[in-house]
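One structure is given below, encoded as structure tokens.
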């Protein structure tokens, strides 16, 4: 079964003024759609692989033929990362986390403000394109990590809870080269209910 672009869980302008509608339109309907299309193209003729979920592909890349492995890794990663990213944001988001994930953040990082500083620094200092993540690592502890390009934490045995896309296409129309401003404003969109759900599932 071919992979498809998921619909956004909100309108294009729902994250205004922090993320503008035009950026959301291009990001979702052009960039994410391109990852989906290129993933399907890479898997064309490999019917056994088309039956697998994107998560299965990314966690078992050694089973993907070498001649398409890079294309699958890049585009399945782009599809998976973005599918999570849209759900991690919402209209009238932000604030502080609550529940189990809040306790875990406080326990691992000291308090939420220290975690925010660490996460924002990871997003701001990543060279080139990629993502900043809050993950559960292989030691079953919370960790802040970076991935380059569309690499996904699940490919290295981590469970992503919260991610921020710092490719320029995610923010350049509104923020140009002001990535730290984008990061600071993005916190106002975070869907902590979804992050709690991700944590409980992990």
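The values are calculated or read from the model by the stated rules, or taken from the named source; none is laboratory data. If you're wondering where the values come from, they're calculated on a predicted model, not measured in any experiment. Positions of Cβ are backbone-derived with ideal geometry, glycine not excepted, and every protein chain shown enters the neighbour counts.
Laid out as a table, the results:
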{"quantity": "The lone exception for residue 104 - which of (1) over 24 Å from residue 148 (Cα atoms); (2) outside the structural domain of residue 164 (by TED's automatic domain parsing); (3) surrounded by 15 or more Cβ atoms within 10 Å (Cβ to Cβ) it fails", "calculated": "(2)"}
{"quantity": "One residue from 40, 81, 75 being part of a helix (DSSP H, G or I) and touching a strand residue (DSSP E or B) at 6+ places or on another chain (Cβ under 7 Å)", "calculated": "81"}
{"quantity": "Residue that is nearest to residue 96 (Cα to Cα), among those in segment 140-194 that are touching a strand residue (DSSP E or B) at 6+ places or on another chain (Cβ under 8 Å) and either assigned to a helix (DSSP H, G or I) or assigned by TED's automatic domain parsing to the domain that holds residue 79 (or both)", "calculated": "189"}
